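Shown next, in structure tokens, is the structure this report addresses.
The values are calculated or read from the model by the stated rules, or taken from the named source; none is laboratory data. Remember, it's a predicted structure, so these values are computed and weren't measured experimentally. Here the Cβ positions follow ideal geometry from the backbone for every residue, glycine too, while neighbour counts run over all protein chains shown. Calculation scope for accessible area: heavy atoms of the full protein, side chains included, ligands and nucleic acids excluded. Shrake-Rupley method; radii C 1.70, N 1.55, O 1.52, S 1.80 Å.
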Amino acid sequence: MRRLQILITFLLAMLPMPGSAAATHEISLSAGEVFQISETDQWRFELQKEVIGRFADVKISPKRGEAFSLTLYFIADTPDLARLDSAEKIARSVSEGSERYLATSVEKEIKLQTISARGSYGSLTVLIDAGPGTAPGGFKYLTRGMIRLSPDSALGFSLLSKEMNTAAYRQLLNYVYSFIRLQPGTTTAKVPAAAAPVSGIAPKSAPPAPAAVAGPRPPKPAARGADLRDCLSLPTDAEIMRCTRAPR
């Protein structure tokens, strides 16, 4: 009997710990839309609020340090609701929702920038903390915006950061844009997803962006059986399309 207990103990010790697998969550909105988020070694996510079929709020943050804090607001907006189904409605929503931050920011009015990403539309604004280092986490910049994801949904976002127009900052915005639905089906985004640069904006209130650096030569299409999410790390939309069309 004791030998059996030792054997069972040994086998249990060899099994993976329950928390070792990366956390994944599926966000179900209207019309059967599903958006999936999975954490990685660098970033984690926290589901803050959710009503299946209506909305979900997800906070994304680094596992080490406090370089940023990103909150995503998934919103069902079917044609019968039509609350955020135009660039004008989204711009108004971003402007009205950001006004309460003016009291503690350098800006005295909301200045919107247009987002043109992956064939969709949206708006964002950047507010600079009037007392750098005094905000929770020492964040200096607040980027708030919203984009249209599909005919049935929209996505709001709030990004707290300590820097602007850096590669890490642009990666976060491109991660947000990676949820835009180009065709029906399940949209999956890994946290973090090093999405390829898309047509976005450079906020006027931010420091000058660094000069563009020539990227590597266009890679060959992904090998058969490769993970399609790896295609998101390519630097241009053309390369992403070429990669995803590779035979699987």
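Here is how the numbers come out for the structure above:
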item	result
Rounded to the nearest 10 Å², the accessible area of Glu88 at probe 1.4 Å	130 Å²
Three-way shape call for the stretch 35-166 based on the alpha-carbon gyration tensor, with the a/c threshold at 1.5	oblate
Heavy atoms of Asp41: accessible area, 1.4 Å probe, square angstrom to 10	110 Å²
Accessible surface, the stretch 21-148, averaged per residue in Å² (probe 1.4 Å)	50 Å²
When each of Lys49/Lys162; Lys108/Lys162; Lys59/Lys108 is checked by Cα-Cα distance, pairs over 22 Å	Lys49/Lys162; Lys59/Lys108
Simple label model, 7 Å out from Cα along Cβ direction - Glu109 to Glu96, nm	2.0 nm
Cut-off 16 Å (backbone N to label point 7 Å along Cα→Cβ of Ala168), residues of the stretch 56-94	60-71
Extended-chain gain in nm, criterion 0.36 nm per residue less alpha-carbon gap, Asp85 and Lys63	4.4 nm
